[in-house]
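Working notes, beginning with the structure itself.
The values are calculated or read from the model by the stated rules, or taken from the named source; none is laboratory data. Please read these numbers as outputs of a predicted model, since none were measured by experiment. Every residue, glycine among them, receives a Cβ derived from its backbone with ideal geometry; neighbour counts consider all protein chains shown.
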Amino acid sequence: MRGKNSLERNLKIFKETFIANAKEFLRDRGALFWMLAFPIIFTVIFGIVFSGGGEISFTVGVVKGNDSPATNQIVESLKQIKTFQLEVGSKEEEMKALEEGNRSLVLILPELSFSELGRGKESRVELYYDATRQNTNQTLISAVKQVFAEMERGISESPKLFAVESRPVQSEQLTNFDYILPGILAMSLMQLGLFGVFQFLNLREKGVLRGLAVTPLPRSAFFESEVLLRLLTAMVQTLLIVVIGKLLFDVRLVGSPLVIAGLVMIGAMTFISMGYMVASFAKTLESGRNIIQLIQFPMMFLSGIFFPIDFMPTYIKPVVKAIPLTYLGDALRQTMVGAPPSHSMGVNLAVLAGWLVVSSVLAIRFWRWE
Amino acid sequence: MATSIEVRNLKKYYGSVKAVDGISFSVGAGTIFGMLGPNGAGKTTTIETIIGLLDKTDGEIDVLGLDPDGDREELKKRIGVQLQNPSLFPRLTVRETINLFASFYPQPLSAEEAIDRVGLSESEGKRVESLSGGQRHRLAVALAMVSNGEIVFLDEPTTGLDPQARRRLWEVIRDLKEEGVTVFLTTHYMDEAQTLCGKLVIIDRGKIIAQGSPGYLIDKYFQERAVEFPDPGLNEEEKKALEGADLSKRVSYEEGDGMEGNLVILYSEDVTETISKAMDFGREVGKPIDGLTVRQPTLEDVFLKLTGRRIRE
């Protein structure tokens, strides 16, 4: 009987504390902005920026040496390349456009005629490109070479021995936004956990927690109600981001909602416990704020949630490999949009769980209510 | 008479700082007990140790038969506490705050009643962050009362209140006593302690320097009366002459606060003689004394006599 009563009483205390926490949160415009408006704004901005569908095109300038059928056939062949947008002009115009960054490549064709080509006369084609765009140049140049090789083979009538057909598989079907959206979700969960602890730090610093300490409120009830509120907020964030991504930008969604929800919970728990860990180390709200900025900023950029980790220099990779956001981002990407995994799901979950355990242990060990 | 709180040789040290240095007292059930002393005397530390918020360095504490160290959780259910400079959830309303706190206690007072008692009915929908200092203070007292505890601890409940609000709060505290609640109150206001408390301890620098009923303390430490008159502009030499003139037991000067001028206080056991001698003195130095009054000594006077300092220094 007594046990039942005390359970009822504890439930009531938990409920009232949760409601108080929720009201306090919902009436705090700053917190609401970071937790709800910011993820929405982020999703919309990235949605707009990357809604091009991932089609990349290069503007290629062509300077004709003459207007012969041979020259025109080359121009036509180049036009066949989908990713090329061809501009024909004078040498002066095209070189200027290249210098101004408006051309990826400029081809200068000599005077050509089929009869001379047929006689086997070598013609020199000059190819100018922007030396600063190293990644794209190799691809472009080989594409151009391909066109000339085809033409040469046609003229010399040698048989074609290999036909290489490239067929895009899976990852090619992902738009850039598909890649980004799970990252936005992962980032929001990180901010929820890390920034969410500001409220706790604030109440602690102002002495509200001390005021509660003189009442029979079990401290664990206060703490648990805070965690529950954050987890619910995480769910709302997820819904907002996914719904906006789907409705406005038609993001690809393949994963089961339950598995996604599970990952969101694990991710949120990990970052919530990291937040409390910082709260345990930080004496004041101010120092807590600084530590969290110091953690969250590099995590956001080094975790590969916004661009693939392969872009990053090797010396930074150990850092990338330690960041929990990397794994949450990867896990969400695999599940939500079916992106090719960087790590296996087991590794992702293990690293997240590891962070969760370590930061919980440290938070409890160095916990301070005052 | 049953005892609510029994404290024996309580010590609370912070390193070499002796915040509370071996104090003993007992609080009778259903009484208003006052702890009086200047800021930093150890009042708050004493309260916070008694309610189990701080760990004591040494000594014995018994509250309602419980040990604040071992039975902390049980004790919290049976007492109401108002801390000094209370902080609350800024965005909750008065009513929401009281409801929240009420939910913590097994048999709380109703929120209406607590709000009504401290006179916050008109502000019950206001958020805590928009309350005035006085309202916030009354809310804190309401939170201590909503516990419906057997003992209510009030740490400087009237600091920062205007005179009207203070009187109202005194009524609230008297009502608590009427209901049989024990009130433990700290203050640095003499008049407050004198009007409200049945028993008082005067604490200074962590030690109790006197205890008893206000009347007893005054009788014991003071058979004198205070003869006061506005300073007619005495210079240092004249002040010395006044002190040496053998017209009173002691002379004290009180600086005015701008509204009122400086006061000269003569403590005397023979008021008639002191008055006539004082008037003569004024005429001799050519600075006639005007507006002379005689009053009962207050606890302020007792504190001054015991410590040589004023309470609000």
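The C-beta contact set for segment A:274-296 (first residue more than 15 Å from A:Gln191 (Cα to Cα), second residue of a type in the set (Val, Ile, Thr), distance under 6 angstrom, 6+ apart or interchain) comprises A:Ala282/A:Ile291. Filtering B:Ile51, B:Ile79 for residues that are modelled with pLDDT of 95 or more, touching a strand residue (DSSP E or B) at 6+ places or on another chain (Cβ under 6 Å), more than 29 Å from B:Ser130 (Cβ to Cβ) and within 10 Å of another protein chain (Cβ to nearest Cβ) leaves a single hit, B:Ile79.
Within segment B:1-48, being in a loop (DSSP other than H, G, I, E, B) and farther than 23 Å from B:Met190 by Cβ holds for B:Met1, B:Ala2, B:Gly15, B:Ser16, B:Ala29, B:Gly30.
Where helices (runs of 4 or more DSSP H) fall entirely within segment A:272-370, those with at least 1 residues that are surrounded by fewer than 17 Cβ atoms within 10 Å (Cβ to Cβ) and at pLDDT below 90 are at A:285-302, A:317-322, A:345-365. Each residue in segment B:121-146 was checked for being in contact with a Pro (Cβ under 6 Å, 6 or more places away or on another chain) and without any contact (Cβ under 8 Å) to a residue 60 or more places away in the chain, and 4 of them qualify. Here A:Gln73, A:Gln85 are screened, and the one residue that is outside any strand (DSSP E or B) and modelled with pLDDT of 75 or more is A:Gln73.
Checked against (1) assigned to a loop (DSSP other than H, G, I, E, B); (2) at pLDDT 80 or above, A:Asn202 meets all criteria but (1). Only one entry in A:Val242, A:Val236 is part of a helix (DSSP H, G or I), more than 9 Å from chain B (Cβ to nearest Cβ), of a type in the set (Val, Ile, Thr) and buried (at least 19 other Cβ atoms within 10 Å of the Cβ), namely A:Val242. When you go through (1) under 21 Å from the mean Cα position of the chain (by Cα); (2) closer than 21 Å to A:Ala363 by Cα; (3) modelled with pLDDT under 90 one by one for A:Ser220, which number turns out not to apply? Only one criterion is unmet by A:Ser220, namely (1).
Out of all the residues in segment B:82-102, which are facing another protein chain (nearest Cβ under 9 Å) and of a type in the set (A, V, I, L, M, F, W, C)? Selection gives B:Leu83, B:Leu88, B:Phe89, B:Leu92, B:Leu100, B:Phe101, B:Ala102. Hey, any hits in segment B:103-115 for a residue that's of a type in the set (Ser, Thr, Tyr), at negative phi, out of contact with any helix residue (DSSP H, G or I) (no Cβ under 8 Å at 6 or more places or on another chain) and within 13 Å of chain A (Cβ to nearest Cβ)? Taking every residue of segment B:103-115 in turn, none turns out to be of a type in the set (Ser, Thr, Tyr), at negative phi, out of contact with any helix residue (DSSP H, G or I) (no Cβ under 8 Å at 6 or more places or on another chain) and within 13 Å of chain A (Cβ to nearest Cβ). Given the condition within 17 Å of A:Thr215 (Cβ to Cβ), part of a strand (DSSP E or B) and touching a residue at least 24 places away in the same chain (Cβ under 8 Å), answer yes or no: does some residue in segment B:59-66 qualify? Within segment B:59-66 (the criterion being within 17 Å of A:Thr215 (Cβ to Cβ), part of a strand (DSSP E or B) and touching a residue at least 24 places away in the same chain (Cβ under 8 Å)), the answer is yes, since at least one residue qualifies.
Apart from one condition, B:Arg95 fits all of (1) modelled with pLDDT of 95 or more; (2) surrounded by fewer than 18 Cβ atoms within 10 Å (Cβ to Cβ); the exception is (2). Being among the hydrophobic types (A, V, I, L, M, F, W, C), within 14 Å of chain A (Cβ to nearest Cβ) and surrounded by fewer than 23 Cβ atoms within 10 Å (Cβ to Cβ) is a property that B:Leu66 has. The set of residues in segment A:178-229 that are without any contact (Cβ under 8 Å) to a residue 40 or more places away in the chain and away from chain B (no Cβ under 11 Å) comprises A:Ser220, A:Phe223.
For B:Gly70, state whether it is more than 18 Å from the chain's Cα centre (by Cα), assigned to a loop (DSSP other than H, G, I, E, B) and of a type outside the set (S, T, N, Q).
Numbers: more than 18 Å from the chain's Cα centre (by Cα): yes; assigned to a loop (DSSP other than H, G, I, E, B): yes; of a type outside the set (S, T, N, Q): yes.
Yes; evaluated as a whole, the condition is true for this residue.
Let's see how each residue does on (1) buried (at least 22 other Cβ atoms within 10 Å of the Cβ); (2) charged (D, E, K, R); (3) in contact with a Lys or Arg (Cβ under 7 Å, 6 or more places away or on another chain):
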residue: B:Thr159; (1), (2), (3): no, no, no
residue: B:Glu171; (1), (2), (3): no, yes, no
residue: B:His188; (1), (2), (3): no, no, yes
residue: B:Leu217; (1), (2), (3): yes, no, no
residue: B:Gln223; (1), (2), (3): no, no, no
residue: B:Asn235; (1), (2), (3): no, no, no
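Contact annotation: residue pairs with Cβ atoms under 8 Å, 6 or more positions apart or on different chains, pairing a residue in segment A:20-48 that is in a helix (DSSP H, G or I) with a partner that is basic (Lys, Arg), are A:Lys23/B:Arg91; A:Glu24/B:Arg91.
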